[in-house]
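The values are calculated or read from the model by the stated rules, or taken from the named source; none is laboratory data. Not measured: the values here are computed from a predicted model. When we count neighbours, we look across all protein chains shown, and the Cβ atoms used for this are built from the backbone with ideal geometry, even at glycine. Just so you know, the surface numbers come from the protein's heavy atoms only, side chains and all, with ligands and any DNA or RNA stripped out. Shrake-Rupley method; radii C 1.70, N 1.55, O 1.52, S 1.80 Å.
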Amino acid sequence: MTFGSFNNFMKINDQVLAAWQRILQRAPDSRLVVLTFSSEATADSLRRSLAGPGVTAERIQVVD
């Protein structure tokens, strides 16, 4: 299953990141696609923020 977020990236906060992390942990074969018009550094930061038990960077796709 693929979850996606195509909202304004500026609306993403710690609560949203925590919710995404919980969702990805509960759906172990899923991935998340996030639309952002930011740099690769922002994409890496997002992947690190979501990293946790069962959530690897490979499951987070950032597109622009």
Positions within the stretch 45-56 being in contact (Cβ under 8 Å) with a residue 12 or more places away in the chain and assigned to a helix (DSSP H, G or I), in sequence order: Leu46, Arg47, Ser49, Leu50
Considering residues of the stretch 7-21 that are within 11 Å of the chain's Cα centre (by Cα) and at pLDDT 90 or above only, the residue nearest to Val55 (Cα to Cα): Gln21
Qualifying residue in the stretch 25-40 (condition: farther than 18 Å from Met1 by Cα, open to solvent by less than 70 Å² (accessible area, probe 1.4 Å) and touching a residue at least 24 places away in the same chain (Cβ under 8 Å)): yes
Tally of residues being under 11 Å from Ile60 (Cβ atoms) and open to solvent by less than 60 Å² (accessible area, probe 1.4 Å) across the stretch 1-16: 1
All positions within the stretch 42-64 that are among the small types (Gly, Ala, Ser) and either within 10 Å of the chain's Cα centre (by Cα) or within 20 Å of Asn7 (Cβ to Cβ) (or both): Ala43, Ser45, Ser49, Ala51, Ala57
